[in-house]
Amino acid sequence: MTVPATTDVLIVGGGPAGALLGCLLARRGIEVLVVEKQQGLERDFRGETLAAPSAVTLRRLGFGPALTEHGYLETTAVSMRMEGRQVFRVDYSRFPVGVLPIDIPQPALIGMFNEAAAGLPGHTYAAGTAFTGLLQQDGAVHGAVLKLPDGSRAEVRTRLLVGADGRFSKVRKAAGLAADVRPMQRDFLSFKLPRPADWGTEAELVVLRDKHLVVLPTFPDYLRVGHNLPKRGLGDLRKEGFEAFRDGIAAIDPRLAPLLAEHLLSWDDTSFLEIFTAEVPTWSRDGLVLLGDASHTVTPILGQGVNLAIQDAVCLAPVIARALGGTGTVVPGSAFDEFAAGRRRHKAFVTRFQRMQEAALAQHTPLRTALRRLRFRTLNSLPAKYRIFDKVINAPHPIDPVDLRTTEPAPAPAA
Ligand SMILES: Cc1cc2nc3c(=O)[nH]c(=O)nc-3n(C[C@H](O)[C@H](O)[C@H](O)COP(=O)(O)OP(=O)(O)OC[C@H]3O[C@@H](n4cnc5c(N)ncnc54)[C@H](O)[C@@H]3O)c2cc1C
């Protein structure tokens, strides 16, 4: 695969943010090259939850038939059990947004965006192609150096480079856009188990003192389980041995014990996620803008990562289209000030909420865990819980009328 020597927009990273943005720009007739360092779409373990506003947005953008054809799982509620008792529950059907969050594997979601874009003139997708450096001149970004699948190097000149390369963004670093990275108190070890037929469709947080599991029913027929561990505690956990780890999980949620015994057989069945938040004060420079996790990384609490990435892409597409209408060789960084200010405000709000939850979950003394139970029970009895959650997970975002007009029903992804 070769890449064009020039393109109007070069997107680095074909995750949910980059792939959707590439599709929306191509639908508008804008020349766009999406480069993705992985050859395929499979990833170890990624956010697969689409919050309700994203589900609404994707349907309005014409992806409804593809979603239906692929299939997904609706999540009906989120609940929290502490020391064996349910202390908190939010019923997702009670929010004004009127639809439920859905779970769909990330490869299917990204595949949908790529297939919708594939036939459009001006859209090029280069798999196995990695960003390695910026082309800069007079303080502005003019393009990127790429490593192609055969190991050779190519330079691509562009009017706008979009860094959508995720939480460890190389583009962000190369552009000198500093990130305020704050580690959370714990990290995550995740794994998948087959979902018993009679398992419900609620996302559950199961807490035992300072240990917790997130148990997410996931499409088509499995559970995604995330287990917290102390920061940099993976080495110690491994020293204690795999059996001890598995027994520890079963102690937190005894319902999982038979599934663990049969299906979680070694450390190879687990994957590690370092939990941190990263806030980036400046999202753009002349010729460059950041998007999705690259611009602001959130934690897995309430599964907002993909939701925010989709919202970013939908909000950014019309801004790019307008900015390309200018005459400069590169798009000025100031073209993105308003976009960045609006999105940063929302993402900072989500992050603040997640940090509060994380602090509550990290409590472990008997007194503090008792107080925590009481606090969640009290919150559970207040109707205000729906207002608070609605603000965090269901914030609406605008869709530009042009993106609605350019909507064609997207084809279903390959099975
Ligand atoms: C292991 C893991 C587990 C997660 N679990 C959850 C969860 O449970 N709940 C939740 O809400 N969120 C979770 N997330 C976060 C969620 O997946 C992200 O918030 C979401 O995918 C962000 O989308 P994005 O497109 O901005 O970035 P990403 O999905 O990270 O996509 C970035 C893309 O850029 C590509 N890339 C990186 N570097 C280069 C390069 N140099 N050149 C070319 N391409 C490059 C990557 O291969 C990737 O495809 C998880 C993330 C990870 C990494």
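The values are calculated or read from the model by the stated rules, or taken from the named source; none is laboratory data. Predicted, not measured: the structure shown is a model, and the values here were computed from it. Ideal geometry is used to build each Cβ from the backbone, glycine not excepted, and the neighbour counts take in all protein chains shown. To get the accessible areas, we keep the full protein, side chains included, count just its heavy atoms, and leave off ligands, DNA and RNA. Shrake-Rupley method; radii C 1.70, N 1.55, O 1.52, S 1.80 Å.
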Completion exercise
residue 79 fails exactly one of (1) surrounded by fewer than 20 Cβ atoms within 10 Å (Cβ to Cβ); (2) within 12 Å of the ligand (Cβ to nearest atom); (3) on the phi < 0 side of the Ramachandran plot, namely (2)
Practice task
Inspect segment 3-16 for any residue being open to solvent by less than 30 Å² (accessible area, probe 1.4 Å) and either more than 14 Å from the ligand (Cβ to nearest atom) or among the basic types (Lys, Arg) (or both) and give the result as yes or no.
Solution key: yes
Practice task
Test residue 19 against the stated conditions and say whether it is modelled with pLDDT of 95 or more, of a type in the set (A, V, I, L, M) and away from the ligand (no atom under 16 Å from the Cβ).
Solution key: no
Completion exercise
Note: among 264, 256, 290, 316, just one is surrounded by 19 or more Cβ atoms within 10 Å (Cβ to Cβ), near the ligand (Cβ under 10 Å from one of its atoms) and touching a residue at least 12 places away in the same chain (Cβ under 8 Å), namely 290
Exercise for the section: State yes or no: is residue 188 within 12 Å of the ligand (Cβ to nearest atom), open to solvent by 60 Å² or more (accessible area, probe 1.4 Å) and either assigned to a strand (DSSP E or B) or modelled with pLDDT of 95 or more (or both)? Expected result: no
Practice task
Report, by residue number, each residue of segment 207-243 that is within 19 Å of the chain's Cα centre (by Cα) and among the small types (Gly, Ala, Ser).
Solution key: 226
Practice task
Output the residues belonging to segment 123-159 that are within 22 Å of residue 297 (Cβ to Cβ) and more than 13 Å from the ligand (Cβ to nearest atom).
Solution key: 141
Exercise for the section: Inspect segment 58-73 for any residue being over 21 Å from residue 190 (Cα atoms) and within 15 Å of the ligand (Cβ to nearest atom) and give the result as yes or no. Expected result: yes
Practice task
Give just the number: which of (1) within 11 Å of the ligand (Cβ to nearest atom); (2) more than 17 Å from residue 303 (Cβ to Cβ) does residue 106 not satisfy?
Solution key: (2)
Problem - Pairs, first more than 15 Å from residue 64 (Cα to Cα) in segment 89-115, second among the acidic types (Asp, Glu) and assigned to a loop (DSSP other than H, G, I, E, B), C-beta under 7 Å, six or more apart - result: 105/48; 106/48; 107/42
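Report the residue count in segment 16-59 for those that are in a loop (DSSP other than H, G, I, E, B), in contact with a strand residue (DSSP E or B) (Cβ under 8 Å, 6 or more places away or on another chain) and under 20 Å from residue 403 (Cβ atoms). Steps first, please.
Within segment 16-59, the subset in a loop (DSSP other than H, G, I, E, B) is 28-31, 37-48, 51.
Next, only the ones that are in contact with a strand residue (DSSP E or B) (Cβ under 8 Å, 6 or more places away or on another chain) stay: 30-31, 37-40, 44-45, 48.
Remaining after also requiring under 20 Å from residue 403 (Cβ atoms): 30-31.
Going through segment 16-59 one residue at a time, the tally reaches 2.
Somewhere in segment 300-312, is a residue in a helix (DSSP H, G or I) and either more than 8 Å from the ligand (Cβ to nearest atom) or not assigned by TED's automatic domain parsing to the domain that holds residue 176 (or both)? Before the answer, list the steps.
Going through segment 300-312, the residues in a helix (DSSP H, G or I) turn out to be 305-312.
Add one more test, that the residue is either more than 8 Å from the ligand (Cβ to nearest atom) or not assigned by TED's automatic domain parsing to the domain that holds residue 176 (or both), and what stays is 310-311.
So far as segment 300-312 goes, yes, one or more of its residues are in a helix (DSSP H, G or I) and either more than 8 Å from the ligand (Cβ to nearest atom) or not assigned by TED's automatic domain parsing to the domain that holds residue 176 (or both).
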